[in-house]
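Please read the structure below before turning to the comments.
The values are calculated or read from the model by the stated rules, or taken from the named source; none is laboratory data. Only a predicted model underlies this, so the values are computations on that prediction, with no experimental measurement involved. Please note: Cβ atoms are built from the backbone with ideal geometry, for glycine as well, and neighbour counts cover all protein chains shown.
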Amino acid sequence: MTNTTTNAMTTSTTEVAPEGTTRTVAAYAAARPDAPLEKTTITRRAVGEHDIVIDIKFSGICHSDIHQVGEDWGSGIFPMVPGHEIAGVVRAVGPGVTRWQVGDRVGVGCFVDSCRECDNCRAGLQQYCTGQGGAVFTYNGVGHDGLPTYGGYSSELVVDEGYALRIPDNLPLDAAAPLLCAGITLYSPLAHWGAGPGRKVAIVGLGGLGHMGVKIAHAMGAEVTVLSQSLRKREDGLKLGADHYRATSDPATFTELAGTFDLIVNTVSADLDLSAYLGLLRTDGTLVQVGAPEKPVTVNAHALLTGRRSLAGSMIGGLPGTQEMLDFCGEHGITAEIELIRAEQINEAYRRVLAGDVRFRFVIDAATI
Ligand code: NAP
Ligand code: ZN
């Protein structure tokens, strides 16, 4: 393992990283399931012909990070360095790189590779890659080299040039980082199911994902309603662009809004009564599940068939869709509402996310890693 002379590479736009050397970089990792995250070092792979080295500037904390450190969805790979809302600057490029130059502002989201050959990869839906092993997730995954992947709670990342996205110049990198997961996870279903003028859209749960959904659906021109557990965040929700804000703890919400929405996006991972939410859809409406519960969900079939309603799911977005989302956010000046933290506050931030005490995304300043 060799430390390469990375600092010397930051000035030139043509300099190529030395090949064949792995890199030891700082990171925060959980040593085992549910263990607190602690400072450590990890090895990044040698820079390949089509790889870029990203100087990570900011990394968002997604609730999925907490799920995976806690093995909520099944066994994980430890030590685990979470983080898939990565914003940074290109520090060095491999000899075959054509898309990027040193100094470019880039983001990396939830996956860093895929088979590139299956129908979904060819269609730009790499997140649904059906090739051997599927998409390579940014962390808690295994790369095509057989080595575990490590995420964005780190100072540096080596990634194939095709799996990085361009962050528009007018978006600050810290508040843009959450777009790489929270942003695309809401943009993708909103675009796919046609949120826009004349359409009534509800966003369930005003957390990291939900607040992006409100901003994006509003910018798309839809009439937006937040369905939150309480009215505690009402003022914020309206400022973010919601037209209406209703508490799901109030039974009147479900009677008064019955049959009104074209599209509902549910960002909540808790066990909600989805049948009650389906009842809020008008005929042919769709409820899209993006929150990722630990346990199977149950639905009363009558809630579906009485209005030809659909229950769907959606997972992040592909590379073209993610770039489209970033460009859309650039045009509309959309970023996340963030609380910037130092790396040593990660464990406290996890506790606060679990307690619902975040408005609306924690972002780690990678300079403190
Ligand atoms: P978050 O910031 O913690 O927000 C979740 C929101 O859910 C909370 O703000 C809260 O909103 C609501 N909520 C929490 N507990 C609840 C309960 N017991 N009953 C009802 N509502 C509750 O989390 P996030 O980062 O937005 O992630 C949300 C979920 O999406 C997680 O499961 C995450 O793993 C998943 N996810 C999925 C994808 C995908 O591609 N599908 C991508 C990223 C994340 P209110 O207080 O407003 O009700
Ligand atoms: Zn995420």
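Scanning the range 179-192 for any residue that is more than 16 Å from ligand 1 (Cβ to nearest atom), closer than 28 Å to Leu311 by Cα and surrounded by fewer than 22 Cβ atoms within 10 Å (Cβ to Cβ) turns up nothing.
The condition (being touching an Asp or Glu at 6+ places or on another chain (Cβ under 7 Å) and either away from ligand 1 (no atom under 16 Å from the Cβ) or aliphatic (A, V, I, L, M) (or both)) is satisfied by just one residue among Leu272, Leu340: Leu340.
Can you confirm whether Ala123 is touching a residue at least 60 places away in the same chain (Cβ under 8 Å), more than 23 Å from Ala46 (Cβ to Cβ), of a type in the set (Gly, Ala, Ser) and away from ligand 1 (no atom under 16 Å from the Cβ)?
yes
Among the residues of the range 298-323, those identified as away from ligand 1 (no atom under 16 Å from the Cβ) and of a type outside the set (Ser, Thr, Tyr) are Val299, Asn300, Ala301, His302, Ala303, Leu304, Leu305, Gly307, Arg308, Arg309, Pro320, Gln323. For the range 74-109, the tally of residues that are assigned to a loop (DSSP other than H, G, I, E, B) and more than 16 Å from ligand 1 (Cβ to nearest atom) stands at 16.
Just one of the listed residues (Ile364, Ile341) is β-branched (Val, Ile, Thr), touching a strand residue (DSSP E or B) at 6+ places or on another chain (Cβ under 8 Å) and under 19 Å from Gly70 (Cβ atoms), and it is Ile364. Considering the range 110-198, the qualifying helices (runs of 4 or more DSSP H), each wholly inside and each with 3 or more residues that are under 20 Å from Gly330 (Cα atoms), run over 173-176, 182-192. Criterion first (on the phi < 0 side of the Ramachandran plot and either among the acidic types (Asp, Glu) or touching a Cys at 6+ places or on another chain (Cβ under 7 Å) (or both)) does Gly152 satisfy it? It is false that Gly152 is on the phi < 0 side of the Ramachandran plot and either among the acidic types (Asp, Glu) or touching a Cys at 6+ places or on another chain (Cβ under 7 Å) (or both). In the range 241-259, the residue that is surrounded by the most Cβ atoms within 10 Å (Cβ to Cβ) out of those that are of a type in the set (Ser, Thr, Tyr) and touching a Lys or Arg at 6+ places or on another chain (Cβ under 6 Å) is Tyr245.
Residues checked against (1) in contact (Cβ under 8 Å) with a residue 12 or more places away in the chain; (2) farther than 22 Å from Cys110 by Cα:
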residue: Ala301; (1), (2): no, yes
residue: Ile316; (1), (2): yes, no
residue: Thr322; (1), (2): yes, no
residue: Met325; (1), (2): yes, no
residue: Phe328; (1), (2): yes, no
residue: Leu340; (1), (2): yes, no
residue: Ala355; (1), (2): no, yes
residue: Val358; (1), (2): yes, no
residue: Thr368; (1), (2): yes, yes
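What about Leu209, is it outside the structural domain of Ala177 (by TED's automatic domain parsing), among the aliphatic types (A, V, I, L, M) and touching a helix residue (DSSP H, G or I) at 6+ places or on another chain (Cβ under 8 Å)?
On the way: outside the structural domain of Ala177 (by TED's automatic domain parsing): yes; among the aliphatic types (A, V, I, L, M): yes; touching a helix residue (DSSP H, G or I) at 6+ places or on another chain (Cβ under 8 Å): yes.
The answer is yes for Leu209.
If the condition is being surrounded by fewer than 18 Cβ atoms within 10 Å (Cβ to Cβ) and in a helix (DSSP H, G or I), then the range 325-348 contributes Asp327, Glu331, His332, Glu344, Gln345, Asn347, Glu348.
Scanning the range 65-109 for residues that are crowded, with 18+ Cβ neighbours inside 10 Å, more than 16 Å from Asp55 (Cα to Cα) and among the small types (Gly, Ala, Ser) yields a total of 1.
Could you please let me know if Gly151 is more than 16 Å from ligand 1 (Cβ to nearest atom) and in the same structural domain as Gly76 (by TED's automatic domain parsing)? Lay out the reasoning, then the answer.
Details: more than 16 Å from ligand 1 (Cβ to nearest atom): no; in the same structural domain as Gly76 (by TED's automatic domain parsing): yes.
No.
When the range 199-251 is filtered for residues that are part of a loop (DSSP other than H, G, I, E, B) and within 14 Å of ligand 1 (Cβ to nearest atom), the ones remaining, listed by number, are Gly205, Leu206, Gly207, Gln229, Ser230, Leu231, Arg232, Lys233, Ala242, Thr248, Ser249, Asp250.
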